[in-house]
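One structure is given here, and the rest of the page talks about it.
The values are calculated or read from the model by the stated rules, or taken from the named source; none is laboratory data. Please read all numbers here as calculations on a predicted model, not as lab measurements. Cβ coordinates were reconstructed from backbone atoms using ideal geometry, including for glycine residues, and neighbour counts include every protein chain displayed.
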Amino acid sequence: MLRYSVFIGISITLLIESAFNEMIAFPTIPVVYIDDFHNQETKQKFINEVSHAFHTVGFFIAVNPGIDSSLLESVYQASLKFFKQPLNKKDKIHFPDLSGQRGYSQQETAQGSYIQDHKEFFHLGHNDAQAPLWMDLETPTRPLIDLLDNYSENLQQAFALALGERKNFFPPPQGGESVLRTMHYKKNASPNQY
C-alpha cells in the first residue's frame, strides 16, 4: 500500500555537520493529523499543534487528508506513463514563455544556483490547456486537484484559528488556482559532476 502526505512549507535538512565533525540535530518536522481538525474532541489539539509548529519550526507535515489511495495510484501510474514517453513527445507541452509554471519542463535550476538538476516535471491546473493531446492526464489529475483545493481550504481555516482569528479569516483565492506538480527524477547522466 502506498502512503502519501501533503507537505506544507519547504524542506529542510534535519542534520548538519559542524566544523568539528559533530552532528547537530534540528527540531523534527511536526506531523499533524487533519482528521483531528474535523473531530470536535481533538480540533483544539490540532489547532494548538499547528500554532506550535508555526512558532517553532515554521511549517509542518499534514497527514491523512482523506484522499483515496486508488486516486493517488491512478495519478502516479498516469505520471509514470507520461515520463516514459520520448522527449519529443513530452516537449509538445513545453511552454518556455511560462517559465515552467504550466506544462512540461525537462529540468530546472534552483534559485541562486547555476547547476541544473536532473528532475523533469509537469504542472497542471484547473484553467489551462497545457495537458498533452496524445494522452489523457486530466481524468486522473482533475479529481486530485479538486480534492487538494478542498484540503487547502480546510488548512487555511486551521491556520486562521491557530492565529486566533475567525475560521474564514483568509479569503478564498481570487483568480488563482491550485497547480499539481508531478516530478520524475531521471538517472544522473554524469554522477561525478557534483
**Report entry** Unique residue being touching a residue at least 60 places away in the same chain (Cβ under 8 Å) and under 18 Å from residue 131 (Cβ atoms) when the list is 101, 106
**Finding:** 101
Query - Checklist (1) in contact (Cβ under 8 Å) with a residue 12 or more places away in the chain; (2) surrounded by fewer than 18 Cβ atoms within 10 Å (Cβ to Cβ); (3) closer than 30 Å to residue 51 by Cβ applied to residue 138, failing item - result: (3)
Query raised in the report: Here are 78, 53: which of them is within 20 Å of the chain's Cα centre (by Cα), on the phi < 0 side of the Ramachandran plot, among the small types (Gly, Ala, Ser) and not assigned by TED's automatic domain parsing to the domain that holds residue 183?
Result: 53
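Could you tell me whether residue 96 is out of contact with any Lys or Arg (no Cβ under 7 Å at 6 or more places or on another chain) and either surrounded by 14 or more Cβ atoms within 10 Å (Cβ to Cβ) or modelled with pLDDT of 90 or more (or both)? I'd like the intermediate steps shown before the answer.
Details: out of contact with any Lys or Arg (no Cβ under 7 Å at 6 or more places or on another chain): yes; either surrounded by 14 or more Cβ atoms within 10 Å (Cβ to Cβ) or modelled with pLDDT of 90 or more (or both): no.
So residue 96 does not fit the description; no.
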Query raised in the report: When residues of region 1-54 are filtered for being closer than 23 Å to residue 160 by Cα, at pLDDT 80 or above and either surrounded by 15 or more Cβ atoms within 10 Å (Cβ to Cβ) or not acidic (Asp, Glu) (or both), how many remain?
Result: 24
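Take residues that are among the acidic types (Asp, Glu), closer than 15 Å to residue 156 by Cα and without any contact (Cβ under 8 Å) to a residue 40 or more places away in the chain and tell me which of the helices (runs of 4 or more DSSP H) falling wholly in region 37-98 contain 1 or more.
43-56
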